[in-house]
Amino acid sequence: MNIPIEEIKKEIEARLPDVKLRLIRDSLLIENPEDLPRVALFLKENPKFLMDYLSSVTGADYLDYLESVYHLYSMSKKQGPVVLRVRVIKSTATVPMSINDSNVAMGPPLAAPDVKKIKAVKVPSLASVYRSAELQEREAYDTFGIIYEGHPDPRRLFMWEEFQGYPLRKDYEQEDTEVLESADIAWLEARGIVVPEEMKEKAKALHAAGQRAIAQKPEKPRN
């Protein structure tokens, strides 16, 4: 039989009095993300709960903030899930438009305006508490851009390292797949692939203008 979420909240607040929690439907929002590892470890080790299995780490985009959501189960007690949430306001971080742009032999290096502003958020990693968090945090980082501090291997999981942006964010701008950028051409030519001159010229023009090949959004939703 599952323990009511209200009872779990009271138990955490009694044992960890400096941790601030809020009920959101059948889940617990941890007000300060830095408290996440302490709460997870408490639920894992406390004999009353023994939440020894982290089944999922998922991200969610609410425009102004991102959430990292966790589902915990007790295999020994056969109960769960206990759902934990942490919420982080998006902050603006400036990053180069191309991670490896120094290798692009298509003209001068990008000038100061040629940077892309992304919204970066940081959350403590649970990999030290649950081994199952390792790959799932990498997935949430890869798709939502949530940086899990303390993760032992903080790399993208599905996208390549030079990929720009986070495709499951609501503000993600999809690239135009019909247009190559300077970094794309440099990558292809380094592998012996011949690129048509017209594509090279288009890439040079985009590079000189400090622009990216962003797909144009349709004026009306597609049926």
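The values are calculated or read from the model by the stated rules, or taken from the named source; none is laboratory data. Since the model is a prediction, treat every value here as computed from it, not as a measurement. Neighbour counts run over all protein chains shown; Cβ positions are idealised from the backbone, glycine included.
Laid out as a table, the results:
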quantity: Yes/no for GLU34 being in a helix (DSSP H, G or I), more than 25 Å from LYS78 (Cβ to Cβ) and in the same structural domain as VAL83 (by TED's automatic domain parsing); calculated: yes
quantity: Matching residues in the range 135-151 - criterion: being in a strand (DSSP E or B) and surrounded by fewer than 20 Cβ atoms within 10 Å (Cβ to Cβ); calculated: ILE147, GLU149
quantity: Long-range neighbours under 8 Å by Cβ, at least six apart or interchain, first residue free of Cβ contacts under 8 Å to residues at least 24 places away in the same chain and assigned to a loop (DSSP other than H, G, I, E, B) within the range 2-25, second aliphatic (A, V, I, L, M) and surrounded by 12 or more Cβ atoms within 10 Å (Cβ to Cβ); calculated: VAL19/ILE12; VAL19/ILE30; VAL19/VAL39; LYS20/ILE30
quantity: Breaking point among (1) modelled with pLDDT under 95; (2) buried (at least 20 other Cβ atoms within 10 Å of the Cβ), for PHE158; calculated: (2)
